[in-house]
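Student: Structure below; questions to follow.
Values quoted throughout were computed directly from the atomic coordinates according to the rules given, and no laboratory measurement underlies them. Just so it is clear, the model here is predicted, and its values are computed rather than measured. Quick reminder, even Gly has a Cβ in these numbers, built from the backbone with ideal geometry, and neighbours come from all protein chains shown.
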Amino acid sequence: MATQTEEDYIKAIYKITEKNQGSASTNAIAARLSTSPASVTDMLKRLSSKDYFHYEKYKGVYLTSKGIKMATTLVRKHRLWEVFLVDKLKFSWDEVHDIAEQLEHINSDELITKLDGYLGYPKYDPHGDPIPNEAGKFTIRSQVSLFNMNANESGVIVGVREHDTSFLRYLNDLNINLGTTIKVIKHIEFDHSKKVLINNTTEEVLSQKAAHNLFLKKNKDI
């Protein structure tokens, strides 16, 4: 059985390699876990005998099938707990990440199976991220970033790329959440921001960064 620290490392490697479709460097792991590269190297050496990953000096870390299975299980638990916290305990979507980070380390398959059933087997968490099922399979849907949408195109917010608390609170202030309707009015060439209509009532200008971090299901795909 892995320790909480070991689980944090496995999940960090998974998250990094998920984005770049390659290996995770020591520096990238250190940045994600807010620790030093030397500490990461020491931990990787201690973990190397447990067959969670392959590590090559100067090349990085690749998760094994055993490591991927553990990481996927942690992601599943984390996202189910976020659903529980938002849907049942009425936390806001900007409040649940850190709590779910603690709850994901509870080691009970029976608890998670029952939690999944209690929640009605949700396919997505409160940020729109897919929740893997017990077999580790994710539900994939058609979505596009707001930045890649053109004038007069519209859709519904189905996810956010960035889970940073400040970003989610920024969206709260604009009354943007999952299910919000967005129509692109204009793409502003100067700074690549987007002038949009929110829920057919309010016009706002969203920065390039904000537009990149919002995923929509376009109306033609609904």
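Student: Rg (Å, one decimal) plus Dmax (Å, integer) for the alpha carbons of the chain?
Tutor: Using the Cα atoms of the chain, the pair Rg, Dmax is 19.3, 58 Å.
Student: So, one more: Given labels modelled 7 Å from the Cα in the Cβ direction, how far is it in nm from residue 197 to residue 45?
Tutor: Each label point lies 7 Å from its Cα, and together they span 6.3 nm.
Student: OK, next. Just how large is the dipole of the chain about the Cα centre, in debye to the nearest 20, putting +1 at every Lys and Arg Cβ and -1 at every Asp and Glu Cβ?
Tutor: In total the dipole reaches around 600 debye.
Student: Could you derive backbone 3J(HN,Hα) for region 190-201 from the dihedral phi with the Karplus parameters 6.51, -1.76 and 1.60 (θ = phi - 60°), listing whole Hz in sequence and x where the residue is Gly or Pro?
Tutor: Each residue of region 190-201 in turn: 3, 10, 6, 8, 10, 8, 10, 10, 9, 6, 6, 10 Hz.
Student: Further, regarding this structure: Kirkwood hydrodynamic radius (Cα pairs, Å) of region 58-108?
Tutor: Kirkwood hydrodynamic radius for region 58-108: 12.1 Å.
Student: What FRET efficiency comes out for residue 218 versus residue 56 if R0 is 41 angstrom and r is the Cβ-Cβ distance? Round to the nearest 0.05.
Tutor: Once the sixth-power term is evaluated, E becomes 0.45.
Student: Right, here's the next one. Taking the chain as a Gaussian network, where each spring joins two C-alpha atoms under 10 Å apart, which residue of 125, 109, 42 fluctuates the most?
Tutor: Looking only at 125, 109, 42, the largest GNM fluctuation is found for 42.
Student: Sticking with this one: Please grab the % of Cα pairs in region 144-221 that end up more than 18 Å from each other.
Tutor: Of the Cα pairs, 29 percent sit more than 18 Å apart.
Student: Let me ask another. Among 45/114; 123/220; 57/137; 77/209; 11/50, which pairs are too far apart, with a Cα-Cα distance over 26 Å?
Tutor: Beyond 26 Å: 45/114; 57/137; 77/209.
Student: Under the rule of at least 5 residues apart or a separate chain, name every residue whose amide H is placed under 5 Å from the amide H of residue 91.
Tutor: For residue 91, the qualifying residues are 86.
Student: Under 5 Å between amide hydrogens, which residues at least 5 positions from residue 185 or on another chain qualify, with H placed 1.01 Å from N in the peptide plane?
Tutor: 152, 195, 196, 197
Student: If you don't mind, there's one more thing I want to ask. Could you tell me the ratio Rg/Rh of region 71-149? Both radii from Cα atoms, Rh via Kirkwood.
Tutor: Here the Rg-to-Rh quotient is 0.99.
Student: Here is a follow-up. Using Cα positions and a limit of under 20 Å, work out the aspartates and glutamates in reach of residue 19, with same-chain residues fewer than 8 apart set aside.
Tutor: 7, 8, 56, 101, 125, 129, 162, 164
Student: Once Lys and Arg get +1 and Asp and Glu get -1 on their Cβ, which of 9, 24, 47 lies farthest toward the positive end of the dipole of region 4-63?
Tutor: It is 24, whose Cα lies furthest towards the positive end.
Student: Report the full-extension gain for the segment residue 66 to residue 101: residue separation times 0.36 nm, less the Cα-Cα distance, to one decimal in nm. Don't jump to the answer; show the numbers that get you there.
Tutor: Working: separation 35, 0.36 × 35 = 12.60 nm, distance 2.09 nm.
Between residue 66 and residue 101, full extension yields an extra 10.5 nm.
Student: Take residue 34 and residue 145, extend 7 Å from each Cα along the Cα→Cβ direction, and tell me the distance between the two endpoints in nm.
Tutor: 2.6
Student: Where the Cα atoms of region 1-132 are projected onto their three principal axes, how long is each span, largest first, in whole Å?
Tutor: 45, 28, 24
Student: Go ahead and estimate [θ] at 222 nm for the chain from helices alone: -39,500 (n - 2.57) per DSSP H run with n ≥ 4, summed, over the residue count, rounded to 500. If you can, show how the numbers build up before the last one.
Tutor: On the way: 8 runs with 90 residues, N = 222.
So the calculated ellipticity at 222 nm is -12500 deg cm²/dmol.
Student: From the phi of every residue in region 133-144, what ³J(HN,Hα) in whole Hz does the Karplus formula 6.51 cos²θ - 1.76 cosθ + 1.60 yield, where θ is phi - 60° and glycine or proline is x?
Tutor: Along region 133-144, the couplings run 7, 4, 8, x, 8, 9, 8, 9, 10, 7, 8, 9 Hz.
Student: Work the Kirkwood hydrodynamic radius out for region 4-63: mean of 1/r over every pair of different alpha-carbon atoms, inverted, in Å.
Tutor: The answer is 11.1 Å.
Student: Okay, next question. Explain nothing, just the number: dipole magnitude of region 74-189 about its Cα centre with +1 on each Lys and Arg Cβ and -1 on each Asp and Glu Cβ, in debye rounded to the nearest 20.
Tutor: Using only the charged Cβ atoms, the result is roughly 420 debye.
Student: If I model a spin label at residue 88 and residue 15 as a point 7 Å from the Cα along the Cα→Cβ vector, what separation in nanometres do I get?
Tutor: Label at residue 88, label at residue 15, 2.4 nm between them.
Student: Taking Rh as the Kirkwood radius computed over C-alpha pairs, what is the Stokes-Einstein D of region 183-222 at 20 °C in a medium of viscosity 1.002 mPa s, expressed in µm² per second?
Tutor: Roughly 199 µm²/s, to the nearest whole number.
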